[in-house]
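Right, one structure below, let's go through it.
The values are calculated or read from the model by the stated rules, or taken from the named source; none is laboratory data. Predicted model only: the values in this text are computed from it and were never measured. Glycine also receives a Cβ, built like all others from the backbone with ideal geometry; neighbour counts cover every protein chain displayed. Surface areas here come from the heavy atoms of the whole protein model, side chains and all, with no ligands, DNA or RNA. Shrake-Rupley method; radii C 1.70, N 1.55, O 1.52, S 1.80 Å.
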Amino acid sequence: LTRGASRVLSDGEDSAAPSAGATPKAGSGAPAVLTADQLMEHSRQNPVAGGLALPPPPGAKASPRPPAPASAAEPKRPTPVQVMRDKADFKAMLRKAIDGATGPKSLATKLRAASARAGNECNEELRMEVSSALARWDGVVKAVLEMMDKVDASKPAEFTTMKTASDELMASLQQCGDLIQDYLDAVQFVLDQHAKAKTQRANSERYYRKRVQNRLVLGGYGTKLSAALVVRLENYVNPEAAGDPFEASAFCFFPAGHSIADGIGAAIGTTNYDEKCCSLTGALDQNPRWGGACARLEATSNTFAFLPAALGAQSVDHPGAAPWAIACRAAQFRFGPQAWPMPGFGCFVATTSAAPVMVLALDIEGMLSKGITLPDFTNFMETQGGLAYFQKGVRMAELRPGSALWVPYGWVSWPLLPKATSAGQGSDAGDGAFADAEKADDDLGIAGGAKDRPASGPTEAVATLF
């Protein structure tokens, strides 16, 4: 107010002061005198730093209003080149995430491979949870791929939205990865346990396979022949049933119910088989060092009624044509005329023992043609050529009550009883022939320790009919 009054006085100090409330005339050149209220109102409308602002005098040019201070700087728009770089970097980030999620070293790939190896070792619940986790993982990866395909064609606003959505996808991918890692650990644990059990089972089989081999060696088999025989026993499969009529020049097996097997069972009933078996087993009990014993049975004309016409006996009165009863101990090598009557002659073999009886047969024509006689059979089997001859030509059949076997002329046969286990007779094919330790020991007469068993194993009986 003081400055305004001073300005008025300096412009017209020689003139008389106008009366209060007087209004200057227009165009008189006299300055306008403003009241205090007018000055305050003008200052509110035209603020300046450091005091009040007076209106310009009449006729004077108005000074330009100073620009208002900018409250915030407007963001600069990115150039097309910068946009291209941002999109390329974003796609590279997505590509890296996809490669890590689908590569050969990714968690999902490892889990799929582990699940395939585990197979049915994992329970149904775990397999379903693994499938669900992998499906969720594949869904996130698919969403990332779709986003990457849309990056180049996206507008600036859409691109900004994609960046925000990508953070959520990466978080989901991380969560799925943690879940898959947990399932991978679970499946790997199952695989480790299965491998451990498999190793233990293999060690057990190897241990009892060695025990069986040692038991055969103690029974008179050679070391190499015992090892080869254990392998054949472990992989044994029953031969196919022979036809009716059967081929007399071939090794033939007759299962229970076959006409030949039924005929042999009836023929045994016409002899004094039971009496002779009791006599033979009693003799073995009284002579622990004997590996076996045999005796000729009394036969009648009806004994050979089951024989086909082509094999009809010319004379049942000849001592050699009579049936024989054989008793032997487990794992004993019963080979030769003193153990198996008339080797090389064709014969039918049947058993009445509760335990299965393994009968081995070998064509000796090739062996004899090389100058190797029957007394040299054991030594010949310990050579490389003898083992090859045995493995190529030996035939085996497991006999049980009701079944029978035909050994053709020119073959030698001997019993091995009882057999440890049979891969084709109720055992688990994946466990091996000697997985059941107690079964292997009992079959070979070695259960319970040396103090609790006979020196040469239990005795059984085999009926051989000529």
Residue satisfying all of: in segment 147-183; out of contact with any helix residue (DSSP H, G or I) (no Cβ under 8 Å at 6 or more places or on another chain) and β-branched (Val, Ile, Thr); farthest from Trp137 (Cα to Cα) among these: Thr160
Restrict the check to segment 398-405 and report whether at least one residue is touching a Lys or Arg at 6+ places or on another chain (Cβ under 7 Å), of a type outside the set (Gly, Ala, Ser) and surrounded by 22 or more Cβ atoms within 10 Å (Cβ to Cβ). yes
Condition set open to solvent by 80 Å² or more (accessible area, probe 1.4 Å) and not in a helix (DSSP H, G or I), scope segment 74-99, selection nearest to Ser166 (Cα to Cα): answer is Pro78
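Among the residues of segment 349-358, write down those that are under 40 Å from the mean Cα position of the chain (by Cα) and open to solvent by 30 Å² or more (accessible area, probe 1.4 Å).
Ala354
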For segment 359-397, which positions are in a helix (DSSP H, G or I), open to solvent by 20 Å² or more (accessible area, probe 1.4 Å), touching a residue at least 40 places away in the same chain (Cβ under 8 Å) and closer than 20 Å to Gly346 by Cβ? Glu365
Across segment 299-342, the tally of residues that are at pLDDT 75 or above and under 15 Å from Ile264 (Cα atoms) stands at 12
Scan segment 100-111 residue by residue and report those that are in contact (Cβ under 8 Å) with a residue 12 or more places away in the chain and surrounded by fewer than 16 Cβ atoms within 10 Å (Cβ to Cβ). Thr102
Which number in (1) among the aliphatic types (A, V, I, L, M); (2) touching a strand residue (DSSP E or B) at 6+ places or on another chain (Cβ under 6 Å); (3) at pLDDT 90 or above marks the one condition that Leu416 misses? (3)
Counting only residues that are outside any helix (DSSP H, G or I) and touching a residue at least 24 places away in the same chain (Cβ under 8 Å), how many does segment 134-153 have? 2
What is the number of the single condition among (1) more than 17 Å from Ala101 (Cα to Cα); (2) open to solvent by 20 Å² or more (accessible area, probe 1.4 Å) that Val151 does not meet? (2)
